[in-house]
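A short write-up of the structure that comes next.
The values are calculated or read from the model by the stated rules, or taken from the named source; none is laboratory data. Note that the structure is predicted; figures quoted are calculated from it, not measured. For neighbour counting, all protein chains shown are included, and Cβ atoms are generated from backbone atoms with ideal geometry for every residue, glycine included.
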Amino acid sequence: MRYLPHTDNEIAAMLSAVGARDLEALFSHLPADCCRSRPMELPEAMTEWELDRHMDTLSGRTATSPRYRVFLGAGSYHHHIPASIAYLLGRSEFSTAYTPYQPEISQGTLQAIYEYQTLVTRLLGMDVANASMYDGASALAEALLMAIRITRRTTVAVSKAIHPHYRDVVRTYLRPTGYSVVELDYGPDGRTDLGGTAGIPEPAAIAIQSPNFFGCVEDLQAAARTAHADGKALLVACFTEPLAFGLVKNPGSQGADIACGEGQSFGIPRSFGGPGLGMFAAKKDFMRSMPGRLVGKTTDRKGRRGFVLTLSTREQHIRREKATSNICSNQGLCATTAAMYMASLGGTGLRELAELNHDKCGYLKAGLAAAGFRLPFGAPTFNEFVVTFPADPDRVYRRLLRRRIVAGLPLAAWYPELAGSYLLCVTETMTRQDLDDLVKEVSA
Amino acid sequence: MNASIGTRGLILEEPLLWEKGANGRRGMSLPRRDVERIAVSESVRGDQPDFPDLSEVDVVRHYTRLSQWNFGVDTGMYPLGSCTMKYNPKTNERQAALAGFAGAHPLLPAPLAQGILELLYLLERYLCEITGMDAASLQPAAGAHGELAGMLICHAHHRHQRRARSKILIPDTAHGTNPASASLCGFQSIPVKSGPQGMLEPAEVAALMDEQTAGIMVTNPNTLGLFEENIRQVAAIVHAKGGLVYCDGANMNAVMGIVDMQALGVDILHLNLHKTFSTPHGGGGPGSGPVCVTRALERFLPVPRVVKRRGRYVLSENFPDTVGRLHAFCGNVGVQLKAYSYILSMGAANLKRASQIAVLNANYIKAKLTGAYHLPYDRPCMHECVFTDQIQAAHKVSTLDIAKRLMDYGFHPPTVYFPLVVSGAIMVEPTETEPRENLDGFVEAMRAIAAEARENPELLHQAPVAPKLTRLDETSAARSPCLSD
């Protein structure tokens, strides 16, 4: 086996150096009743070429572009990824390194993460960002736990226009703790009805997603006013599509206390939903309450600039059960990817790409509206929106599938009141022709 | 420094991203604008983010230079204890990048995602077969996330028994994440002292285990690199009081094909695909931490689960007792399929051999370094062995100095100051993918450093001298944190 370098002669010499008769003897101190009674039953080892063939077959049984035109977003977005990024990620000095505990020989990872943290604070308009979390959903759960720690309150208000899976994850994290989650309804324009907060005594946080699950840009400023009127509650602004902040107002400028969400859009392939990137940022005052790894700037003994993991006294390996989180890693390579992507676009490129997403999506919206379809929500959108198909929408959806078009995400499973409505996503990867074809096919 | 493969070469300086570039440069091709502009209202439109504008060459040089300041498994031996820094096979990268995997949207209708669902279904089965457990969820995104899943399952089990429990036993050799994960579920950690042999003592566990205690979190092999030989008695004590045995599977690389985790009495086990199953650590992630359970606990596993019905695969959330969802989608699928690729490349016989060689390599290093370094527990070790700086302390040389000096010799240092029960611990895990000559090189370097500690300790205090930077000031970094520019 090519990953196991030892020859039989070497094994024999090493066994004699350690005083063992054979390889089995290395385990002779294990109690017999702890050991397996039979060998593992697994498929026979494949050659590299057999594996390629097997994986090509499995891979071929998934619907992906360009064979299919997939109008799905909902927390996982199709954006072009430059070849330069895939190539740079192949640098195994990045990919095969561990968490940078030994900073002298990890400056590449550390500077890359420091740059990532900086770009994230600039993108979100926040003061401090961590080195990333598992994904957007777990970042939101951690943000709400953080707000509970800061305010010493026990209830969080979560908008129903937050991604349903994110709300599921929040419930999973909070269930054993006894903290409660209250949901805020959405209004007729597709945005959160902030009036719903009136009845909630002492919320630790109000959590709003913008652009929200329906693609609508929320009024975060109003949400911040509502949260802060109470004197203590925090506004947690989450997102699934960070590209939006190339065009729309960022959470920091609207008064968010914590901003968190999914960074997959920035150069990370969808890979059936993971790995993604939990972006997480906060106001400076909350820095020491933040979960997750942090990279800080410092100097070496000769006074040269360098970077280290820092503020680890918040973390589990020192604080153990009193830690701010149990997280002891980040999505390091994904954060590096996102930084490479942001660096490749630059400020002007990000603006231009965000506009392109917005405008292409707007083109499809206008096309569907002109064809007579109902767009139930009036709030401004970025690159996703909800459309209602007329009578027998399932049939329309299935007919389009046969034409290799995945016409968005049916919403009825999460929002029974939106039966017949679909969430459509349009990114820069769709051409005008793709959009015209969709309008033509659904109208047929 | 005859033992050194460390040398000095040309390394280039590289500024921070925003210290280079020029306004108007572009590092990425944007698609053609084939639709008209649509105005955005002032109430929505924000400022353009303050990012530097760079060309593609700027970006490529930047990250290439940064990468050259790093040390990875592909660079050299990385004997980081408890982290299993084995070789990351390149074919795994090829498979994960296939369009049908990398390009798959997680909310595709199931009939359009049969290939990937089948792969996930099979991977769960293989992990169960390798560990001896009955059912698995691939959803946790990292080891600590797998621990959290395990603790949530433990919590849900007791809730269903209508006996809420408030405490959990955690040995003093445990990973720091264990108590942190337990406290997220409201469990108070009760430390259990390991015995003089570095192992759990049944009497100690019996004295602490009661009906308010949810169970025990063990690591086996433990963080001293020793097999917990009393594990079955410990499990019986915990089970007798209605508790569950959770096992941190970080050290599974020692026992594949050898130990049956369920026979040990383990109810819940998490795995680290980025350790045992060869997926790259990525400078801190992404990892993957599947959680495996017994049949009795299967109903609590996170959703969605991959289910096979009439030969077709679907994602199902229809498990009323589930702990719920832990990740927006199905976890780190891109990592999971590298582990699948590894298992298929290895097969049962090679996986077992990998564990055997991992244990042989650790015992070999233990045998070769005993005497030069103090060995706190002189017992047969599994896949890692723990030394201390006790001998070198006489010359005012610490574990940290030894670790830093190893860099000059061209090796990544072992895990240091862990486990906490050993003062000045140096924890070496060579893994099975290091050939004998590298082990010999490492041993020679460690012996040379031991000699330097006696003869010229200042060399060690000044180490490292070969890397781009010398020791960094971590104290002032923490005192006045600067986390962004």
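Listed values, structure above:
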item	result
Every residue from region A:63-77 that is touching a helix residue (DSSP H, G or I) at 6+ places or on another chain (Cβ under 8 Å) and free of Cβ contacts under 8 Å to residues at least 40 places away in the same chain	A:T64
Some residue of region B:276-297 being of a type outside the set (D, E), facing chain A (nearest Cβ under 10 Å) and farther than 28 Å from A:C260 by Cβ	yes
Cβ pairs under 7 Å, 6+ apart, first in region B:55-83 and under 11 Å from A:A97 (Cβ atoms), second in a helix (DSSP H, G or I) and of a type in the set (F, W, Y)	B:S67/A:F94; B:N70/A:F94
B:P457 being surrounded by fewer than 21 Cβ atoms within 10 Å (Cβ to Cβ) and in contact (Cβ under 8 Å) with a residue 24 or more places away in the chain	yes
Considering residues of region B:168-225 that are more than 22 Å from the chain's Cα centre (by Cα), within 17 Å of B:I153 (Cβ to Cβ) and of a type in the set (V, I, T) only, the residue farthest from the other protein chains (Cβ to nearest Cβ)	B:T213
Residue check, A:C334 touching a strand residue (DSSP E or B) at 6+ places or on another chain (Cβ under 7 Å), within 12 Å of chain B (Cβ to nearest Cβ) and not in a loop (DSSP other than H, G, I, E, B)	no
Residues within region A:57-77 that are surrounded by fewer than 18 Cβ atoms within 10 Å (Cβ to Cβ) and within 7 Å of chain B (Cβ to nearest Cβ), tallied	3
Residues (within 13 Å of chain A (Cβ to nearest Cβ), closer than 26 Å to A:S92 by Cβ and either within 11 Å of the chain's Cα centre (by Cα) or not in a loop (DSSP other than H, G, I, E, B) (or both)) located in region B:244-275	B:A250, B:M252, B:N253, B:A254, B:N272, B:L273, B:H274, B:K275
Qualifying positions in region B:200-236 - of a type outside the set (D, E, K, R) and more than 26 Å from A:A323 (Cα to Cα)	B:P202, B:A203, B:A206, B:A207, B:L226, B:F227, B:N230, B:I231, B:Q233, B:V234, B:A235, B:A236
Test: residue in region A:133-151 that is within 24 Å of A:L375 (Cβ to Cβ) and in contact with a strand residue (DSSP E or B) (Cβ under 6 Å, 6 or more places away or on another chain)	no
Subset of region B:442-479 [more than 30 Å from the chain's Cα centre (by Cα) and within 9 Å of chain A (Cβ to nearest Cβ)]	B:Q462
Condition broken by A:A407, with the remaining ones in (1) within 12 Å of chain B (Cβ to nearest Cβ); (2) buried (at least 24 other Cβ atoms within 10 Å of the Cβ); (3) closer than 16 Å to A:G215 by Cα; (4) modelled with pLDDT of 95 or more satisfied	(4)
Unique residue being within 29 Å of A:L418 (Cβ to Cβ), touching a Phe, Trp or Tyr at 6+ places or on another chain (Cβ under 8 Å) and of a type in the set (D, E) when the list is A:D219, A:D189	A:D189
For A:Q209: the one exception among (1) surrounded by fewer than 24 Cβ atoms within 10 Å (Cβ to Cβ); (2) closer than 29 Å to B:V323 by Cα	(1)
Helices (runs of 4 or more DSSP H) completely within region B:124-208 that count 3 or more residues being surrounded by 21 or more Cβ atoms within 10 Å (Cβ to Cβ)	B:143-160, B:177-184
Unique residue being among the small types (G, A, S), more than 7 Å from chain B (Cβ to nearest Cβ) and closer than 15 Å to B:Y63 by Cβ when the list is A:A157, A:A97, A:A83, A:A141	A:A83
Matching residues in region A:3-20 - criterion: being within 8 Å of chain B (Cβ to nearest Cβ), assigned to a loop (DSSP other than H, G, I, E, B) and not aliphatic (A, V, I, L, M)	A:Y3, A:P5, A:H6, A:G19
From the options B:L98, B:L148, residue that is at pLDDT 95 or above and over 18 Å from A:L58 (Cα atoms)	B:L148
Scan of region A:267-314 for residues that are out of contact with any strand residue (DSSP E or B) (no Cβ under 7 Å at 6 or more places or on another chain), farther than 30 Å from A:I85 by Cβ and not in a helix (DSSP H, G or I), ordered by number	A:K283, A:R301, A:K302, A:G303
In region A:124-148, residue surrounded by the fewest Cβ atoms within 10 Å (Cβ to Cβ) [restricted to those that are over 16 Å from A:V181 (Cβ atoms) and among the acidic types (D, E)]	A:D127
Total residues in region A:384-413, condition more than 23 Å from A:T429 (Cβ to Cβ), out of contact with any helix residue (DSSP H, G or I) (no Cβ under 7 Å at 6 or more places or on another chain) and not basic (K, R)	7
Subset of region A:100-113 that is within 7 Å of another protein chain (Cβ to nearest Cβ) and either of a type in the set (S, T, N, Q) or within 20 Å of B:H274 (Cα to Cα) (or both) - its residue that is surrounded by the most Cβ atoms within 10 Å (Cβ to Cβ)	A:T109
Any chance A:L23 is modelled with pLDDT of 95 or more, within 7 Å of another protein chain (Cβ to nearest Cβ) and farther than 28 Å from A:G261 by Cα	yes
Lone unmet requirement of (1) touching a residue at least 24 places away in the same chain (Cβ under 8 Å); (2) within 9 Å of another protein chain (Cβ to nearest Cβ); (3) under 17 Å from A:I11 (Cα atoms); (4) assigned to a helix (DSSP H, G or I) for B:S345	(3)
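Quick grid of which residues meet (1) over 12 Å from A:A207 (Cα atoms); (2) outside any loop (DSSP other than H, G, I, E, B); (3) out of contact with any Leu (no Cβ under 7 Å at 6 or more places or on another chain):
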position: A:E115; (1), (2), (3): yes, yes, no
position: A:L119; (1), (2), (3): yes, yes, yes
position: A:L123; (1), (2), (3): yes, yes, yes
position: A:A131; (1), (2), (3): yes, no, no
position: A:A141; (1), (2), (3): no, yes, yes
position: A:R149; (1), (2), (3): yes, yes, yes
position: A:V156; (1), (2), (3): no, yes, no
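Residue-by-condition table, conditions (1) in a loop (DSSP other than H, G, I, E, B); (2) facing chain A (nearest Cβ under 7 Å):
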site	(1), (2)
B:R25	yes, yes
B:E42	yes, no
B:M77	yes, no
B:E93	no, no
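Conditions (1) in contact with a Pro (Cβ under 7 Å, 6 or more places away or on another chain); (2) closer than 23 Å to B:V335 by Cβ; (3) modelled with pLDDT under 80, marked per residue:
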residue: A:L309; (1), (2), (3): yes, yes, no
residue: A:S312; (1), (2), (3): no, no, no
residue: A:H317; (1), (2), (3): no, yes, yes
residue: A:E321; (1), (2), (3): yes, no, yes
residue: A:S329; (1), (2), (3): no, yes, no
residue: A:C334; (1), (2), (3): yes, yes, no
residue: A:L345; (1), (2), (3): no, no, no
residue: A:T348; (1), (2), (3): no, no, no
